[in-house]
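Asks: There's a structure below that I have some questions on.
Quick note: the coordinates plus some simple rules give every number you see, no bench work behind them. Keep in mind that this is a model prediction, so the values were computed, not measured. Cβ sites come from the backbone with ideal geometry, for glycine too, and all protein chains shown count toward neighbours.
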Amino acid sequence: MTIEKMKEKTLSLLGTAEVEAGLLLAALDFVAKKVAVQAKSIKKRGKLTFLQRSDVAEAALPADFAAFGYLLGGRCAYARSAFEIISGKIITRKLGAGTYELIYFAYPPNISEACPEETELGFDAYTADTVAYGAAMELCISACPDDLQRYTRLATEYDGRMANLLTSARDAAGVANTFFAGRHF
């Protein structure tokens, strides 16, 4: 979903077009990042080139890196436990210099006035709707301060959607942890 569509959806849920643009964008940015991190909803692949530094190998993480999935190198898959992540770098004693493929969870693009409205956020439809409900809930307090019913409806829908997304994320993490459980790298 694009930023433009996300704004339209949020205002529709809120039932008003009377929201200051900066507040709308800030609420969308905050909730989009929160949902992306907690629900691990934007999964990406990227190449990492590790350089050898004395007894460790290190590589710079992608700018949109939010959480580690796993690393592929040759026929091996390496779990999060094989690495340290410090100040935007991934460090390990388990690998040598070389290029590996990182499977990771990403932040969405920043949502601000500087970002074009046609920017895709990377969410599937259900997750995008969850973000819109969360942003509408955040804005409801200032946009409709006397409408407790609307706030409750938005908060209930957002919480239910987040519960579904978090259950899916936990289930996926359990599968990944089972896959790596017996291996020692």
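Asks: Could you run the Karplus curve 6.51 cos²θ - 1.76 cosθ + 1.60 with θ = phi - 60° over the range 56-66 and give me ³J(HN,Hα) per residue in whole Hz, x for Gly and Pro?
Replies: 10, 10, 9, 9, 7, 7, x, 4, 9, 4, 10
Asks: If you don't mind, there's one more thing I want to ask. Dipole size in debye (nearest 20) for the range 1-43 around its Cα centre, Lys and Arg Cβ +1, Asp and Glu Cβ -1?
Replies: So the dipole magnitude of the range 1-43 works out to roughly 400 debye.
Asks: If you take the beta carbon distance between T167 and V56 as r and set R0 to 30 Å, what does 1/(1 + (r/R0)^6) give as a FRET efficiency, to the nearest 0.05?
Replies: Step by step, r from the Cβ atoms, then E = 0.20.
Asks: Would you please give the FRET efficiency between A125 and A155, computed as 1/(1 + (r/R0)^6) with r the Cβ-Cβ distance and R0 = 22 Å, to the nearest 0.05?
Replies: Plugging the Cβ-Cβ distance into 1/(1 + (r/R0)^6) gives 0.60.
Asks: In deg cm²/dmol, rounded to 500, what helix-only [θ] at 222 nm does the chain give when every DSSP H run of at least 4 residues adds -39500 (n - 2.57) and the total is split over its residues?
Replies: Dividing the helical sum by the residues of the chain leaves -15500 deg cm²/dmol.
Asks: Taking the range 1-91, which GluC sites (Glu not before Pro) meet the DSSP loop condition and have no more than 10 other C-beta atoms within 10 Å?
Replies: Qualifying residues, ordered by number: E18.
Asks: Is the range 36-79 rounded, prolate or oblate when judged by the Cα gyration tensor, a ≥ b ≥ c being the square roots of its eigenvalues, rounded requiring a/c under 1.5 and prolate requiring a/b larger than b/c?
Replies: prolate
Asks: Can you tell me the 0 to 90 degree angle between the C-alpha axis of helix 21-39 and the longest principal axis of the chain, rounded to 10?
Replies: The two axes meet at around 40 degrees.
Asks: Taking a label point 7 Å from the Cα of T16 along the Cα→Cβ vector, which residues of the range 123-137 have an amide N closer than 20 Å to it?
Replies: 132-137
Asks: So what are the ³J(HN,Hα) numbers for the range 159-166, from phi and the Karplus equation (6.51, -1.76, 1.60; θ = phi - 60°), rounded to whole Hz, Gly and Pro as x?
Replies: Running phi through 6.51 cos²θ - 1.76 cosθ + 1.60 with θ = phi - 60° gives 4, x, 5, 4, 4, 5, 5, 5 Hz.
Asks: Something else about it: Where is the GNM fluctuation largest for the chain (alpha-carbon springs, 10 angstrom cutoff): D147, D129, D29?
Replies: Among D147, D129, D29, the largest mean-square fluctuation in the Gaussian network model of the chain belongs to D147.
Asks: Okay, moving on. R0 = 22 Å: FRET efficiency of E4 with T99, Cβ-based, nearest 0.05?
Replies: 0.05
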